[in-house]
């Protein structure tokens with residue numbers, strides 16, 4: 001599905017794969033107050049017209065069955081300067097989007113917990 005600015009919105013069947021990208025921001029939502037891709041797109045497009053490239057919101061199927069909401073997403077801009085403008089000197093900033101809280105920060109790749117546990121186990125054996 002495409003928006004008026006040409007952004008490709010993620011369909012329900014595609015997996016969410018976060019990546020380190022200087023043009024992107026990692027988004028989190030308060031539990032019970034999720035935002036849709038369209039709402040996020042419209043929010044940033046009103047600030048930076050024609051600068052939003054993609055918006056993704058994680059939609060875990062298992063969580064949906066349990067009645068849980070989407071808790072995180074990602075927005076990718078066309079220019080690497082936009083995240084710097086949004087964040088300013090802060091590591092994390094919050095906004096109210098349609099009356100719902102949304103927090104933005106840079107995405108940082110972290111090792112999976114299983115890798116950390118096995119590394120700690122190896123360190124103890126040595």
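Remark: pairs (first residue in region 79-107, free of Cβ contacts under 8 Å to residues at least 60 places away in the same chain; second residue assigned to a helix (DSSP H, G or I) and surrounded by 14 or more Cβ atoms within 10 Å (Cβ to Cβ); Cβ separation under 7 Å; 6+ apart in sequence or on different chains) = 93/86; 93/87. Scanning region 47-85 for residues that are modelled with pLDDT of 90 or more and more than 17 Å from residue 26 (Cβ to Cβ), we see that the one that is surrounded by the fewest Cβ atoms within 10 Å (Cβ to Cβ) is 49.
Does residue 88 satisfy the condition of being over 15 Å from the mean Cα position of the chain (by Cα), surrounded by fewer than 15 Cβ atoms within 10 Å (Cβ to Cβ) and modelled with pLDDT under 90? The answer is no for residue 88. Restricting attention to region 22-46, the residues that are touching a residue at least 24 places away in the same chain (Cβ under 8 Å) and either crowded, with 17+ Cβ neighbours inside 10 Å or not in a loop (DSSP other than H, G, I, E, B) (or both) add up to 16.
The values are calculated or read from the model by the stated rules, or taken from the named source; none is laboratory data. Note that this is a predicted model, so its numbers are computed, not measured. Heads up, the Cβs are rebuilt from the backbone with ideal geometry, glycines too, and the neighbour counts pull from every protein chain shown.
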